[in-house]
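Please treat every number below as a calculation from the coordinates, not as lab data. The shown structure was predicted, so the numbers you read here are calculated from the model rather than taken from an experiment. Here Cβ is always computed from backbone atoms with ideal geometry, including for glycine, and neighbour counts include all displayed protein chains.
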Amino acid sequence: MEKLNMRDTLARYGLFMPRRYKTREKQSFANVVHKEFTSLGYKVSIYSSQNKKFKGANLVIGDPFSASQILMAPYDTPSSVLLPGFKYYPFSAKPNIKQEMYNQAISIAIQTLCFVGVYFLFKDFMSATLWPRIGRIVGFVVLFLIFILFTVSRGNLVNFDRASAALAVLDKVLHDVKESDRHKLAVVFLDRSTMAYDGLRLLKDQLGDKDDIPMLYLDALAKGDLLVLARREAEPLTKLNKDLAELKEAYKEKVFTKEQANANFLSFFPKMAVLVSGEVEGPEFVVKNTRSRKDSEVDIERLELITKALVKQVARAKE
């Protein structure tokens, strides 16, 4: 099978399968993934827990129990938001929750205005003559369409940061890793992970007590001034850090103490690190313009460098 370059691989996930929000969209994506990677000789499976508290279905490529390295990224895409200038905070839950509350407040305000508008349209409907009645019916239809357009949850259409770029990197790694090294690698496409941590919970449920495998979570990677490799203080990634350091001032390693890691999603696995790109804004690290049509900017050269670094990381992994 002919290998695609990064630009074409990115187009596959970001343009041809840009939204993976509804069940049928996820099923279509899963079918493509299964066909693609079984043809390369990988074992592809779907993991969904029997426990009802774990929702979603992860796509697992390779054997996570025998692998020396697990790479993962979300494959679902988020809903769109009404809040302008929406920001994603990878390492801080509180600002994310705060923005969700603002977005919900905007939705409630629009709903309220629609209901108030309907009230005034039909307050004296029966006493109105024919044409005013028709006008009010037309007004009702317009308000109903506004209500549906702005208050019903729907999947965002452009999602390079969350997380088509990360999927493209994993796709390239799976293609570029030497056949003799493939047994060292497992890749997990996580469901319900752009707006929650259900995919990580599913993976933890699947691995059980065998969760001390080195893992790297690829988060938003499409754009941003700074690429960050975040890890726990006890889990050095010296060689990967050195490879990524080719980006010079556009790269930084961030080390969390145990207490700090327990406050974000590094807490799920003892040997998990996160690779994410964004900007420093005050004390926070942020990813801008996600969950909107503005999530379209991509640094392809950096994605290629990340891919090469991860292929080397797999080759170096101890069996």
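Below, the figures for the structure above:
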| item | result |
| --- | --- |
| Distant-in-sequence amide H partners of residue 290 (H built 1.01 Å from N, under 5 Å) | 88 |
| Highest-fluctuation residue, 191, 161, 211 considered, GNM on the chain with Cα pairs under 10 Å | 211 |
| At R0 = 45 Å, FRET efficiency that the Cβ-Cβ distance of residue 16 and residue 209 yields, to 0.05 | 0.70 |
| Centroid-to-centroid separation of region 171-195 and region 239-293 [C-alpha atoms, Å] | 20 Å |
| The chain, relative contact order [Cα under 8 Å, separation at least 6], % | 29 percent |
| Ranked list, fewest to most other Cβ atoms within 10 Å of each Cβ, for 255, 141, 169, 158 | 141, 255, 158, 169 |
| Trypsin sites (Lys or Arg not before Pro) restricted to region 40-104 and DSSP loop, no more than 15 other C-beta within 10 Å | 43, 52, 53, 55 |
| Relative contact order (percent, whole number), region 91-151, Cα cutoff 8 Å, 6+ residue spacing | 47 percent |
| Label-point separation in nm, residue 39 to residue 96, each point 7 Å along Cα→Cβ | 3.5 nm |
| Calculated FRET efficiency for the pair residue 137/residue 297, C-beta based, R₀ 35 Å, to 0.05 | 0.20 |
| Distance (nanometres) between label positions extended 7 Å along Cα→Cβ at residue 255 and residue 24 | 5.2 nm |
| Inter-label distance for residue 176 and residue 152, nm, one decimal - labels placed 7 Å from Cα along Cα-to-Cβ | 4.3 nm |
| Region 138-178: trypsin sites (Lys or Arg not before Pro) falling in loop per DSSP and having at most 14 other Cβ within 10 Å | 154, 178 |
| Region 207-319, relative contact order [Cα under 8 Å, separation at least 6], % | 37 percent |
